[in-house]
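First the structure, in the form of structure tokens, and then the observations on it.
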Amino acid sequence: MKNIRKEIAQLLAEAVDKLSQGAAGLSAEDIESLIEIPGDASLGDYAFPCFRLAKALRKNPAMIAADVAAEISESPVFEKVQNVNAYVNMFVSKAELAQITLSEVKSAGDRFGFCNKGEGKTVIVEYSSPNIAKPFHIGHIRTTVIGNSLYKLYDAVGYKTVRINHLGDYGTQFGKMIVAYRLWGNEEDVRREPIKTLLSYYVKFHEEAKEHPELEDQAREIFARLEHGEPEEVKLWQWFREESLREFNRVYDMMGISFDSYAGESFYSDKMPAVLQELKDKGLLKESQGAQIVDLEEYGMSPALITKSDGSSLYITRDIAAAIYRKKTYDFYKNLYVVASQQNLHFAQWKKVLELMGYEWARDCIHIPFGMVSLEEGTLSTRKGRVVFLEDVLNKAVEKTKEIIMEKNVNTENADETAKIVGIGAVMFQELSVTRNKDYTFKWDEVLNFDGETGPYVQYTHARAASVLRNSGIDLAKLDPEAIDYSWLTSDTAFELIKLLYRYPDVVLDAAEKYEPSVVTRHVVDIAQAFNKFYHDEHILTDNEAEKQAKLLLTAAAKQTIRNGLDLLGIKAPEKM
RNA sequence: GCCCUCAUAGUUAAACGGAUAUAACGGAGGUUUCCUAAACCUUUGUUGGUGGUUCGAUUCCGCCUGGGGGUGCCA
């Protein structure tokens, strides 16, 4: 698709160069980064502030803006160029932008917004990574949906992707679980309801351990046995793992999320000795209070604990082994970890250790933190039984949606299917609409509120557009973008919508580069709002054939872009609702 | 103590260092003989404090206040 922003930057660069006789020293790239989109569309479609040129040109900015405006106004790219104070305000040709955009959406279809920027490079996204034998709760939703969206974003901008669910299937917690199971457990209960039962053992363990601290020692000992491959412990552990995965997959299926690899922490168990040896050989390992550490004091961090005093491994050791393994196996361009910001220090230490080991690719390992989810009662705590199960949240959202459908919609065919798409979409959408790094408090009535800038709003807009297209009776495949009279799409409302569609591919790229799916979420909401306004202000299915075709092409493009955007968020777009 | 992070209408959130800080929810009022009213329109109201850098700061830097997280044998 023709890149208008770049074209404008080129024109501006030439104008500035001419006016300053080369003294401004701004490249087209510099200029491009200065171009803005005015908040108030009546000012222009693009704007260029001239403050910075004042020094080089020794003139006041407003005069420069006037000169620049005069210099570029002849270009056919623009309908109008004018200066307001220090700004050069540019209006692009509406019909031309409509043609460029709608032709592109039509021909690219489901791949509108895609590009090949990452061609030949591999990006790993590690996300979700729940702990085995523990509930899949509301605290896991963010890593799961953000990671899933990042994978889709990187896929869309052309990278080869590898999705890894780094299961928390190892560590002292399994020592605890095994101890608890042997003391109070019962096979039948576990089979019937694995997670809830195992969780109850885990909770009981922590209650008992307050009175009997020796349980903690037992747990560590059992984990050490597990790590040494003692068959009885391994067998129990495998069983817990299988039962848990079955439950996790049920939730993943509901959300339409999948993985390329489930290589969790245990997968790296046999790769640990080599890491230890390497750390030792490189002179990084130090003994301290019986444990093996890497001292990071000179980098302002507490030491990284590599092995415990009983010799068993720790989280960071496994993450080091994992990074090395992944570099060897996938030769990644980037290795992304979608993990809560609570673990900032852990990832900082881990990255530093990789650096100290001499791996220059440590810089390509990137922690993507996100804010904490808490409940109104306080922090989520598995041990204290203070959890909200993700599956319950999804089910309630679906139920609520079903009720809404029953009360609003006469046409209830596929009501169950629609309720699933909309209810689950609503929950996912909400998680993806706020900037990653913000903490938030889970509230039932907020999750179940579908008014305003929500998933259902966007999905409804999509269904509405779909409905218009159905009613048109026109075979869309036969709409030829070359044969459309775009002058029918030059109203303010139509043009606002077109501009948003035109910008969509840049938004996708921006979201990927910032690791920020919410950028897409917000843009999709903007498109939905613009379409609803267009739908309301203008009649699409008019008797005038040329007008109708132009408006239908725009409607189809809006629908397609909303659909593509939702897809990048992992959310489905219903044809009817 | 030290480190990280957050602070914007009543609430939840937006804003590459740029023009009059933008939406949604809530409140008040309105729109349907017309393509889905899960929609649209009108109205109400905001940058924690203090210095600095800058032509220009919600944005960058210093300090203060307040919330959250982390800080050696959990992950």
As I understand it, the dipole of the range A:33-94 uses +1 on the Cβ of Lys and Arg and -1 on the Cβ of Asp and Glu, about the Cα centre. Which of A:TYR46, A:SER75, A:ILE35 lies farthest toward its positive end? A:ILE35
What is the magnitude of the charge dipole of chain A about its Cα centre, with +1 placed on the Cβ of each Lys and Arg, -1 on the Cβ of each Asp and Glu, and no other charges, expressed in debye to the nearest 20? 380
Okay, which of the range A:171-191 sit inside 18 Å, backbone N to the point 7 Å along the Cα-Cβ direction of A:GLU232? A:174-187
If I take every Cα pair under 8 Å that is 6 or more residues apart in chain A, average their sequence separation and divide by the length, what percent do I get for the relative contact order? 15
For A:ILE124, what residues show an amide H to amide H distance below 5 Å, using hydrogens built from the backbone and excluding near sequence neighbours? A:VAL162, A:TYR333, A:LYS334, A:ASN335, A:LEU336
HN-Hα couplings for the range A:512-521 via Karplus (6.51, -1.76, 1.60; θ = phi - 60°), in whole Hz with x for Gly/Pro, come out as 5, 5, 8, 6, 9, x, 4, 4, 5, 3
Of A:LYS18/A:LYS499; A:LYS6/A:LYS152; A:LYS204/A:LYS384; A:LYS2/A:LYS499; A:LYS271/A:LYS328, pairs whose Cα-Cα distance is over 20 Å: A:LYS18/A:LYS499; A:LYS6/A:LYS152
Need the C-alpha centroid separation for the range A:501-577 versus the range A:362-401, integer Å. 30
Rounded if a/c is under 1.5, else prolate if a/b beats b/c, else oblate: with a ≥ b ≥ c from the C-alpha gyration tensor eigenvalues square-rooted, which is chain A? oblate
Estimated vicinal HN-Hα couplings, Hz - the range A:78-89 in sequence order (Karplus 6.51, -1.76, 1.60; Gly, Pro = x): 9, 8, 7, 9, 8, 10, 10, 6, 8, 9, 9, 9
Return the ratio Rg/(2.2 N^0.38 Å) for the range A:334-447, where Rg is computed over Cα atoms only. 1.48
Could you put A:PHE51, A:PHE248 in order, starting from the residue whose Cβ has the fewest other Cβ atoms within 10 Å? A:PHE51, A:PHE248
So if I take the centroid of the Cα atoms in the range A:35-63 and the same for the range A:93-131, what is the distance between those two points in Å? 30
per DSSP, antiparallel bridges as share of beta bridges in chain A, % nearest 5, sits at 55
Counting only residues 5 or more places away or on other chains, whose amide H sits under 5 Å from the amide H of A:VAL92 once H atoms are built in the peptide plane? A:ASP45, A:TYR46, A:GLU79
Under Karplus coefficients 6.51, -1.76 and 1.60, residue-wise ³J(HN,Hα) of the range A:278-295 in Hz, glycine/proline x: 4, 4, 5, 4, 7, x, 9, 7, 9, 8, 8, 6, x, 9, 9, 10, 10, 6
Two-decimal Rg to Rh for the range A:390-568 - Kirkwood Rh, Cα set: 1.00
Normalising by the residue count of the range A:4-92, find the relative contact order in percent from Cα pairs under 8 Å and 6+ residues apart. 26
Once you keep just the Cα pairs under 8 angstrom separated by 6 or more residues, what percentage relative contact order results for the range A:439-558? 37
Charge tally for neighbours of A:LEU57 with beta carbon under 13 Å away, counting Lys, Arg as +1 and Asp, Glu as -1, is +2
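Coordinate-derived values only; no laboratory data. The shown structure was predicted, so the numbers you read here are calculated from the model rather than taken from an experiment. Note that each Cβ is placed from the backbone with ideal geometry, even for glycine, and that neighbours are counted across all protein chains shown.
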